[in-house]
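S.K.: Sharing a structure below in structure tokens format, with a few things to ask.
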Amino acid sequence: MSLFQPSQGNAGSTASYQSPPWGEISTGALPQPNRTSAIGYEAVRASRDFWTIQRRYGSFVRPVCALFIIWYFLFVIIAVFAPGFMRISVFGDLNVGLCFGVLQFVSTFVIAMSYRHWARRRLDPLSDRLRHRLEGGQQQ
Amino acid sequence: MTGLAATGAPFTVGTPALNFGIFAFFVVVTLVIAVSAAGRNRSTTDYYAGGRAFTGWQNGIAIGGDYLSAASFLGIAGIIAIYGYDGFLYSIGFLVGWLLVLMLISEPFRNTGRYTMADVLDLRLKAPPVRAAAAVSTLTVSLFYLLAQMAGAGALVSLLLGVKGSVGQDLVVAVVGILMIFYVLVGGMKGTTWVQIVKATILAAGAAVTTVWVLSRAGFSLPSLLQHAAASSPAGTRVLGPGLEYGVSTTTKLDFISLALALVLGTAGLPHVLMRLYTVPNAREARRSVVWTIWLVGLFYLCTLLLGFGAMWLVGGKRILAAPGGGDSAVPLLADKLGGTLLFGIVAAVAFATILAVVAGLTITASASFAHDVYAGLVRHGEAEPADEIRVARITAVVIGIVAVIGGIYAKGIDVAFLVGLAFAIAASANLPSILYSLFWPRFNERGALWSIYGGLITAVSLIIFSPVVSGASSSLITNPHVNFAFFPLNNPGIVAIPVAFFLGWLGTVTDRRPADSARFARMQVRALTGVGAERGGRA
């Protein structure tokens, strides 16, 4: 399944979509996309700007999602099949299991904040620029 | 499970009159908020999406309010108070699932939908049967979740108000139903959201104050709190590690993994959470609101961990189990121990407000889905007058309220956190696959959507019917020991139903020979990632 896969293949082939009536994608103003029909979007999707957004989004989200899901199930599997490990004392009655659990909270906070920070810096400017161009400079 | 419906136990806490006073105060305050915030509610955007005028932090707190149900506040703390560490496992799953919402769902969802989950699928596939399927699964998940909340309400309130006997409890459930119908009818999404915000704030503050109080009793030392808790449990230090509830046999271990899967994937499929993403002006605010929610929910669950152990220490598992509502009464009893009748009354009222608000949120979601997807989308083919659509939504809200009351009366006594776990499993199997596929898989098509939604829904629900939840165990819905059709050994169907739903979505798609609609997928992706053509936000 091509989750987040950029449509690199389409970028060069004009045969796979109707060539856009307004000409080349990456230069000049584009007409406002139609809200009720899907015409014209394939060209946008094939454009370099969109491809960059898509690739960048995937490059963060894919590994981070994989990481937190593995990290979570590691915790679940250990809790279920190796409860003895979770009972090892760290400090008095504070054991590995409680620390591991709290670390799940910490990692969730860290991932959420870093995604927000990353998206604001690396993703938003690109998607803003493309949206403004597609909407023909019309502000919301 | 912990839900021993010890109705009419020889047991009163606090003074019913005082509790009733605090209750009435909360109800009046929230009603005033709902009425004054409601505004006009003339357009469907006002009624379903609060005019899309909420800011990220407001909506983030409101989502937290929707999410932190009685199951979280009372249920998880109660499981911790009785089984120790195993309850903590619930809260971790409930929290971690939000990362999925944050990174994969929130922005694309806000950009591609209008009011409901079905809108997103409809933009991608443009197929009335898919809209119908999405509406069916939205309604099913919402009703299941509603049932869980209503089941908690009866037991809780009977403890708080000293209502004895099952008629009294049923009456309380009915009152909850009527109040929540009123919130939804008068407040619409805007009023409901403000009720949610106020409730979440009070809930968080209440949990924080009680937690600090518990810690102060232990000399602000976490190890000392844990030591006291373990010392007062019959299982000793074993409560501080996993396995008391789920470590009994291979079946219970598998059951736990099933639950863990459902919790982490279910959040992203909960219709009442997804619908809240539409109440903000744009995708960026949707992202911001989910970050707020993660902080609120996370810090709150850390508090419930301490509250649970605090209740284990100061109240004791035996006394909690003997109380009406079983484990769900752990936190109110702890409050009584710490701050006497006044704190007890406040905590109890907060819990009651929680149930009311969550039930209202679920009701507005379910009624929006029926009015927008079924009535306007399918019956009127998208040509319904907004006034008509809102009228249908209001009628639906009343019907759902009545169904919830009847269901709640029947389901009382079942452990709340546990019922919510089932709702998560249904959400994860019926909703999540089709949402993810339609956002990210170019080939996904109508048949894939129908197979994954109906397949996931039917698999999850039928596995629950043939599980020990319904028959064959001492804690089953059907208490007659001679009736036993529990063919499926696990309580939670997630581990089977979720993969089945993903598989069916794939299978349905690849067996459909019609070419995929690449223009629609292109529009979906461009809209999802850039917000081009997304529904515009309103002014605050």
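S.K.: Take B:Val29, project a point 7 Å from its Cα along the Cβ direction, then tell me which residues of segment B:181-218 have their backbone nitrogen under 13 Å from it.
M.R.: B:195-207
S.K.: Could you state the number of Å between the C-alpha centres of segment B:84-106 and segment B:278-343?
M.R.: If you average the Cα positions of each part, the centres end up 15 Å apart.
S.K.: Further, regarding this structure: Report, to the nearest 10°, how far helix B:330-368 tilts away from the longest principal axis of the Cα atoms in chain B, using its own Cα long axis and a range of 0 to 90°.
M.R.: 20
S.K.: Sticking with this structure for a sec: Let me know the charge dipole size of the protein assembly as shown about its Cα centre in debye, to the nearest 20, where only the beta-carbon of Lys, Arg (+1) and Asp, Glu (-1) is charged.
M.R.: My answer is approximately 1300 debye.
S.K.: Please return the longest range in chain B lying between exposed loop sites, taking trypsin sites (Lys or Arg not before Pro), DSSP loop only, at most 11 other beta-carbon atoms within 10 Å, and leaving the sites out.
M.R.: Counting only loop sites that pass the neighbour cut-off, the longest clear stretch is B:41-512.
S.K.: Helix B:56-67 against the longest principal axis of chain B: what's the angle in degrees, Cα atoms only, rounded to the nearest 10?
M.R.: 60
S.K.: For B:Trp451, what is the net charge nearby, where nearby means another residue's Cβ is under 14 Å from its Cβ and Lys, Arg count +1, Asp, Glu -1?
M.R.: Residues near B:Trp451 contribute 0 overall.
S.K.: Work out Dmax and Rg for chain B from the C-alpha atoms and quote the Rg first, both in angstrom.
M.R.: For chain B, the Cα-based Rg and Dmax read 22.2, 69 Å.
S.K.: Then there is this: Of B:Ala268, B:Val141, A:Thr52, whose Cα points farthest to the positive end of the dipole of the protein assembly as shown (charges on the beta-carbon: +1 Lys, Arg; -1 Asp, Glu; origin at the Cα centre)?
M.R.: It is A:Thr52, whose Cα lies furthest towards the positive end.
S.K.: Would you calculate, for the protein assembly as shown, the mean residue ellipticity at 222 nm contributed by helices, counting each DSSP H stretch of 4 or more residues as -39,500 (n - 2.57) and dividing by all residues, to the nearest 500?
M.R.: Rounded to the nearest 500, the figure is -22500 deg cm²/dmol.
S.K.: With a sphere of radius 12 Å drawn around the Cβ of B:Lys126, what net charge do the other residues whose Cβ falls strictly inside it have (Lys, Arg +1; Asp, Glu -1)?
M.R.: 0
S.K.: Over the Cα atoms of segment A:47-134, what radius of gyration and what Dmax do you get, in Å?
M.R.: Considering segment A:47-134 through its Cα atoms, Rg and Dmax are 19.1, 61 Å.
S.K.: Quick check: the angle from helix B:250-266's long axis to the longest principal axis of chain B, C-alpha only, nearest 10 degrees?
M.R.: For helix B:250-266, the angle is close to 50 degrees.
S.K.: If you filter segment B:105-159 for chymotrypsin sites (Phe, Trp or Tyr not before Pro), then keep DSSP loop positions with at most 12 other Cβ within 10 Å, what is left?
M.R.: Taking segment B:105-159 and a limit of 12 other Cβ atoms within 10 Å, no loop chymotrypsin sites (Phe, Trp or Tyr not before Pro) are found.
S.K.: Also, I was wondering about something else. Would you mind getting me the FRET efficiency between A:Ile70 and B:Ile458? Use the beta-carbon distance for r and R0 = 25 Å, nearest 0.05.
M.R.: Efficiency at R0 = 25 Å is approximately 0.25.
S.K.: How many lysine pairs does chain B hold where the Cα atoms are under 30 Å apart and the two sit 8 or more places apart or on different chains?
M.R.: Close lysine pairs found across chain B: 13.
S.K.: Cα centroids of segment B:404-470 and segment A:38-112: how far apart, whole angstrom?
M.R.: Rounded to whole Å, the Cα centres lie 24 Å apart.
S.K.: Under unit Cβ charges (Lys, Arg +1; Asp, Glu -1), what dipole magnitude, rounded to 20 debye, does chain B have relative to its Cα centre?
M.R.: With Lys and Arg at +1 and Asp and Glu at -1, about 840 debye.
S.K.: Right, next: Going 7 Å from the Cα of B:Val510 in the Cα-to-Cβ direction, what parts of segment B:420-439 have a backbone nitrogen less than 13 Å from that spot?
M.R.: none
S.K.: Going toward the positive end of the dipole of the protein assembly as shown, with +1 on Lys and Arg Cβ and -1 on Asp and Glu Cβ, which of B:Ile202, B:Pro281, B:Thr15 do you reach last?
M.R.: With unit charges placed on the Cβ atoms, the residue in question is B:Pro281.
S.K.: On to the next question. Taking amide H positions as placed in the peptide plane 1.01 Å from N, state which residues far from A:Asn95 in sequence (5 or more) or on other chains have amide H under 5 Å from it.
M.R.: The answer is A:Val90.
S.K.: If you rank B:Ser106, A:Ser127, B:Ser36 by fewest surrounding Cβ atoms within 10 Å, what's the result?
M.R.: B:Ser36, A:Ser127, B:Ser106
S.K.: Extending each Cα 7 Å along its Cβ direction at B:Ser166 and B:Ile178, get the distance between those two points in nm, one decimal.
M.R.: 2.2
S.K.: Now, a different point. Based on other C-beta atoms within 10 Å, arrange B:Thr363, B:Thr30 from fewest to most.
M.R.: Listed from fewest to most nearby Cβ atoms, that is B:Thr30, B:Thr363.
S.K.: In what order do B:Val461, A:Val44 fall by count of nearby beta-carbon atoms within 10 Å, going from fewest to most?
M.R.: B:Val461, A:Val44
Where a number appears in this text, it was derived from the coordinates with a stated rule and is not lab data. Nothing here was measured: the structure is a model prediction, and the numbers come from that model. Reconstructed Cβ throughout: ideal geometry from the backbone, glycine too, with neighbour counts over all protein chains shown.
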